[in-house]
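Below: one structure in structure tokens.
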């Protein structure tokens with residue numbers, strides 16, 4: 001994404017960052033922020049300097065400032081602070097599991113077009129190795145820009161190509177079962193950001209009314225006959241092309257999961273929150289290679305596919321490979 005010069009000396013990039021020399025500020029005053037400050041030398045090794053702290057909310061009069069030697073101000077004045085101290089971006093000292101707070105702060109940063117960096121997973125202050133993940137980037141910004149261009153071009157083309165078929169799908173769904181044609185759900189995106197996805201309904205209405213959130217299984221009785229077909233051909237996910245165009249998702253990435261399951265798995269599976277380093281995808285390596293998430297071991301296995309994709313040094317090459325594999329899954333009706 002192109003740079004936007006908002007403050008004269010400060011070039012702000014909304015989402016992707018290079019490893020060039022830069023001034024950064026820690027956004028938040030907590031144990032995570034303290035740990036980052038104590039390991040400031042790791043940032044210096046990459047030509048980056050921690051200037052100080054920006055508080056998310058006003059502090060009380062009895063707040064202990066001794067652990068935070070250079071508080072620059074509050075988030076309400078973040079634009080002025082970045083200009084005054086020549087700050088290029090901020091690191092969010094927020095537990096990635098605190099979705100509500102992350103969502104609020106990310107919205108603020110994106111609204112002001114302020115560069116931000118998110119902790120790679122549930123940050124345990126007893127493990128220093130996670131710091132190296134914060135101060136480095138897995139792939140160059142050029143790869144991310146190219147992937148976004150491909151996302152937009154392919155999504156718009158597919159949206160226009162399949163738009164006429166939406167009427168036929170809608171009629172088939174209504175003829176078999178009562179209820180809305182489309183349904184929406186909250187999902188967790190990059191950095192814990194909550195957004196809504198839209199899909200063609202493939203289950204009977206109120207399928208989870210009494211059972212609560214459940215993962216779909218291989219012979220799930222909640223799935224209608226039409227639903228089984230549109231799942232196998234992946235056409236139930238066509239409305240998510242709108243999410244890709246809007247930037248909530250990518251065409252390729254980890255499956256966007258519901259907040260309930262993210263909260264559950266982050267406590268049970270090591271590195272599960274690493275999935276939130278990138279945008280979730282309409283398809284993904286785990287989706288085309290793995291099966292249903294019927295057990296915790298299934299979720300762990302699919303996580304390894306997601307991590308392979310996230311940490312791949314040439315993501316665009318793998319991105320294209322997954323798209324071609326998805327095309328084969330769709331044409332052979334081998335979806336889930």
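Report those helices (runs of 4 or more DSSP H) wholly inside region 25-100 carrying at least 2 residues which are more than 25 Å from residue 274 (Cβ to Cβ) and outside the structural domain of residue 277 (by TED's automatic domain parsing). Explain how you work it out, then say what you get.
Values: elements: 31-38, 40-44, 78-84.
The helices (runs of 4 or more DSSP H) meeting that bar are 78-84.
Still on this structure, I have one more. In region 146-166, which residue that is surrounded by fewer than 13 Cβ atoms within 10 Å (Cβ to Cβ) and in a helix (DSSP H, G or I) is farthest from the chain's Cα centre (by Cα)? First the steps, then the outcome.
First, pick out the residues of region 146-166 that are surrounded by fewer than 13 Cβ atoms within 10 Å (Cβ to Cβ): 149, 153, 157, 160-161, 163-165.
Of the ones still in play, those that are also in a helix (DSSP H, G or I) are 149, 153, 157, 160-161, 165.
Details: 149: 18, 153: 20, 157: 24, 160: 26, 161: 27, 165: 29 Å.
Among those residues, the one meeting the criterion is 165.
Could you look through region 167-188, keep only residues that are out of contact with any helix residue (DSSP H, G or I) (no Cβ under 6 Å at 6 or more places or on another chain) and assigned to a loop (DSSP other than H, G, I, E, B), and pick out the one that is surrounded by the fewest Cβ atoms within 10 Å (Cβ to Cβ)?
178
Shifting gears a bit: When residue 270 is evaluated against the numbered criteria (1) within 18 Å of the chain's Cα centre (by Cα); (2) within 27 Å of residue 148 (Cα to Cα); (3) surrounded by fewer than 16 Cβ atoms within 10 Å (Cβ to Cβ), which criterion, by number, is the only one it fails?
Of everything listed in (1) within 18 Å of the chain's Cα centre (by Cα); (2) within 27 Å of residue 148 (Cα to Cα); (3) surrounded by fewer than 16 Cβ atoms within 10 Å (Cβ to Cβ), residue 270 misses just condition (2).
Mind checking whether some residue in region 56-65 is closer than 16 Å to residue 118 by Cα, at pLDDT 80 or above and touching a helix residue (DSSP H, G or I) at 6+ places or on another chain (Cβ under 7 Å)?
Residues of region 56-65 that are closer than 16 Å to residue 118 by Cα, as a first pass: 56.
With at pLDDT 80 or above added as a condition, the list becomes 56.
Narrowing the set further to residues that are touching a helix residue (DSSP H, G or I) at 6+ places or on another chain (Cβ under 7 Å) leaves 56.
The answer is yes, given that some residue of region 56-65 is closer than 16 Å to residue 118 by Cα, at pLDDT 80 or above and touching a helix residue (DSSP H, G or I) at 6+ places or on another chain (Cβ under 7 Å).
The values are calculated or read from the model by the stated rules, or taken from the named source; none is laboratory data. What you see is a predicted model, and the numbers here were worked out from it, not measured in a lab. Note that we place each Cβ from the backbone using ideal geometry, even for glycine, and neighbour counts take in every protein chain shown.
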